[in-house]
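Data block below; observations after.
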Amino acid sequence: MNKKLAHLIIIFFDLLCFLGLWFGYHEIQRTLMYITNQADIIEFGNRVGFFIVGLIVPFGHIIAIVEYFNPELIKTYNRLLNYSTIVTFIILFGSGFIGSSWIKSRVENADYIYCSNASGVSALAKTLVYTRSIDICEELVKSKRKI
Amino acid sequence: MSVAEDLKLKLKNNQRTIYITDADDLLAAWRHRREKKSRSCRCFDFSRVPKEYRLSVPPNERAALMPCHVSVRCHRSHVTKTIKPAPEYSTNACHGHDRTVRLSTQDLDALAAVSFAKRNVAPYISPIMDTATLSLVCKDLGITGRAIPKVIKGRQYIAFSGYPGLRTRFPGTIYSANNRKIITMAIGALGIKNMVTKGGVLTICITVPLTILEVFLKDHHTGFQLFGNLAMELFKIGTAAIMGAIAGIAFGGAVTVAALPIFITIGVSVVVGIGLNALDKQYNLTERLASALEEFSNQITNAAKNGIDDAQLSTYRGLKGFIQGQTGYRGPF
């Protein structure tokens, strides 16, 4: 693949990852706002924190850009860069996991009840639905069945 | 309204006999915790409830207080109480995050097992396989291993940096891009494509039967919902895999570090998958697809029914005209 084309594609993915990161931040903020406002129903993805893993793309792109302009520098610090890539990857995955668990525990600590029948399970993630009471949960399940 | 009345009303609203049966002990536990004014306390069994507070005789000290538990929290001088639901509503929410529940096989019904497999097995298969490949690459090429794509006389090759003698899987210095070893180890564009395809196919092979099983085991599910779910699952898995592959191939062309494209492929697949799921949730795409399919089916059924009616009417009119023409009969039919 032509290097310039590769960089263009990577720029597209950079934008996509930043968009994902913004979306994840927005989701978390929305959930926290619902908790503060004591909303009846709170709905969020169980892997909402994993959007941060997308930062691996801009990180890799920085390495690619440095390699494009100064390949000697990459050769000199090759080991350091590879180790930092692995460490970054692990940190990002860890942060994603911690972030997702944190938001879930925040909702549960705010005395919300998990409404399993209204929650959706997908192959890639799970949509968690929490309600203030069992009655609201049952109403929600009934309304979803009507749809 | 007193606390006890409030609590009893809450229990009554749940309309579950089991709650009402144990309500007295629950109240006792709750009162005990409230008087203790601990910041966060949970009562799971009778061992936490002092004898003077108990209103019934438990079978043993570790007998479950309730199908679930009561939480009392003191937050900024406010005492808040929570009655968590029974396990059939949610095991996790019911038993709190600090406590793991040991479930026996009898407790796990088929639907729970299928949902568990769909949620915890299917999405991780592909990343685990990719990580295994990544570890093999890192082990053989080393952490600083570089794979440099080269085009020689119109043919694509992958050249490795470092000492060939130290490598076990790649003892040569240069390999054709379509070499089986290169493809298996997910190096180069063809390797990434192969890795993503294998992962995607495996995920689909696990997800589709699990989705079908889940729909069969669940109540209130229609065939349209099954098709809608399946279509969306396949779309999400396919899109995530393709995006991951494109990102991996682009990185493979831009950097020479052998392991980085594999990292990127895994990362992008995960993020795109979660993003698609979030979009699905945001815009209710699966439900909309299912309802659109249902509507479409209804339209076809109605059209067919109307068509049959029209055909019957024209046959009737034809027969009527024939009889009137032949016999001269003008009476009612």
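What tally of residues in the range A:4-46 results from selecting those that are of a type in the set (D, E, K, R), closer than 25 Å to B:Phe251 by Cα and surrounded by 14 or more Cβ atoms within 10 Å (Cβ to Cβ)?
So in the range A:4-46, the residues of a type in the set (D, E, K, R) come out as A:4, A:14, A:27, A:30, A:40, A:43.
From what is left, the residues that are closer than 25 Å to B:Phe251 by Cα are A:4, A:14.
Then keep just the ones that are surrounded by 14 or more Cβ atoms within 10 Å (Cβ to Cβ); that gives A:14.
Within the range A:4-46, residues that are of a type in the set (D, E, K, R), closer than 25 Å to B:Phe251 by Cα and surrounded by 14 or more Cβ atoms within 10 Å (Cβ to Cβ) number 1.
Scan the range A:109-134 for residues that are among the charged types (D, E, K, R) and under 15 Å from A:Ala39 (Cβ atoms) and jot them down. Please lay out each step first, then the result.
Taking the range A:109-134 and keeping what is among the charged types (D, E, K, R), we get A:111, A:126, A:132.
Scanning the range A:109-134 gives A:Asp111, A:Arg132.
Scan the range A:47-83 residue by residue and report those that are modelled with pLDDT of 85 or more and among the hydroxyl-bearing types (Ser, Thr, Tyr). None; the set is empty. Here A:Ile52 fulfils each of the conditions (1) more than 7 Å from chain B (Cβ to nearest Cβ); (2) part of a helix (DSSP H, G or I); (3) more than 20 Å from A:Phe23 (Cα to Cα) apart from (3). I'd like to check something: does the range A:83-92 contain any residue that is in contact with a strand residue (DSSP E or B) (Cβ under 8 Å, 6 or more places away or on another chain) and within 11 Å of chain B (Cβ to nearest Cβ)? Yes: one or more hits.
Across the range A:105-114, what is the total count of residues that are free of Cβ contacts under 8 Å to residues at least 60 places away in the same chain and either on the phi > 0 side of the Ramachandran plot or buried (at least 16 other Cβ atoms within 10 Å of the Cβ) (or both)? Of the residues in the range A:105-114, 5 are free of Cβ contacts under 8 Å to residues at least 60 places away in the same chain and either on the phi > 0 side of the Ramachandran plot or buried (at least 16 other Cβ atoms within 10 Å of the Cβ) (or both).
Look through A:Phe12, A:Phe44 and report the one residue that is at pLDDT below 90 and of a type in the set (Phe, Trp, Tyr). I'd like the intermediate steps shown before the answer.
On the way: A:Phe12 fails: at pLDDT below 90.
Result of the check over A:Phe12, A:Phe44: A:Phe44.
For A:Thr76, the conditions (1) closer than 21 Å to B:Ala147 by Cβ; (2) hydroxyl-bearing (Ser, Thr, Tyr); (3) touching a residue at least 60 places away in the same chain (Cβ under 8 Å) all hold with the exception of (3). Just to be sure, is B:Ile274 modelled with pLDDT under 85, in a helix (DSSP H, G or I) and in the same structural domain as B:Thr131 (by TED's automatic domain parsing)? Criteria met by B:Ile274. In this structure, does A:Ile63 turn out to be within 7 Å of another protein chain (Cβ to nearest Cβ), assigned to a helix (DSSP H, G or I) and aliphatic (A, V, I, L, M)? When the stated conditions are applied, A:Ile63 passes them.
Can you go through B:Ala258, B:Ala250 and tell me which one is more than 16 Å from the chain's Cα centre (by Cα) and at pLDDT 85 or above? Just a single option satisfies the conditions, and that option is B:Ala250.
Between B:Val201, B:Val255, B:Val215, B:Val208, which is without any contact (Cβ under 8 Å) to a residue 40 or more places away in the chain, out of contact with any His (no Cβ under 8 Å at 6 or more places or on another chain) and farther than 30 Å from A:Pro58 by Cα?
Numbers: B:Val201 fails: farther than 30 Å from A:Pro58 by Cα; B:Val255 fails: farther than 30 Å from A:Pro58 by Cα; B:Val215 fails: out of contact with any His (no Cβ under 8 Å at 6 or more places or on another chain).
The conditions single out B:Val208.
The listed residues are B:Gln312, B:Gln324, and the only one of them that is at pLDDT below 80, part of a helix (DSSP H, G or I), surrounded by 12 or more Cβ atoms within 10 Å (Cβ to Cβ) and not assigned by TED's automatic domain parsing to the domain that holds B:Ala240 turns out to be B:Gln324.
Could you go through the range B:187-199 and let me know if any residue there is in the same structural domain as B:Asp140 (by TED's automatic domain parsing) and either of a type in the set (Phe, Trp, Tyr) or within 30 Å of B:Phe296 (Cα to Cα) (or both).
Taking the range B:187-199 as the starting set, the residues that turn out to be in the same structural domain as B:Asp140 (by TED's automatic domain parsing) are B:187-199.
Among the residues that remain, those that are also either of a type in the set (Phe, Trp, Tyr) or within 30 Å of B:Phe296 (Cα to Cα) (or both) are: none.
No, the range B:187-199 has no match at all.
Between B:Lys153, B:Lys198, B:Lys181, the distinction of being farther than 26 Å from B:Phe263 by Cα, among the basic types (Lys, Arg) and away from chain A (no Cβ under 12 Å) belongs to B:Lys153 only. All of (1) facing chain A (nearest Cβ under 10 Å); (2) surrounded by fewer than 17 Cβ atoms within 10 Å (Cβ to Cβ); (3) over 25 Å from A:Pro58 (Cβ atoms) hold for B:Leu234 with one exception: (2). When A:Asn70 is tested against the conditions (1) more than 7 Å from chain B (Cβ to nearest Cβ); (2) within 22 Å of B:Ser135 (Cα to Cα); (3) not hydrophobic (A, V, I, L, M, F, W, C), the lone failure is (2). Would it be correct to say that A:Ser100 is away from chain B (no Cβ under 11 Å), in contact (Cβ under 8 Å) with a residue 40 or more places away in the chain and surrounded by 14 or more Cβ atoms within 10 Å (Cβ to Cβ)? Against the criterion (away from chain B (no Cβ under 11 Å), in contact (Cβ under 8 Å) with a residue 40 or more places away in the chain and surrounded by 14 or more Cβ atoms within 10 Å (Cβ to Cβ)), A:Ser100 does not qualify.
For the range B:251-299, taking the residues that are more than 30 Å from B:Cys138 (Cα to Cα) and buried (at least 24 other Cβ atoms within 10 Å of the Cβ), the one that is farthest from the other protein chains (Cβ to nearest Cβ) is identified as B:Asp280. Scan the range B:191-244 for residues that are in a loop (DSSP other than H, G, I, E, B) and charged (D, E, K, R) and the total you get is 2.
The values are calculated or read from the model by the stated rules, or taken from the named source; none is laboratory data. All figures in this text were calculated on a predicted structure; none of them were measured in a lab. Cβ coordinates were reconstructed from backbone atoms using ideal geometry, including for glycine residues, and neighbour counts include every protein chain displayed.
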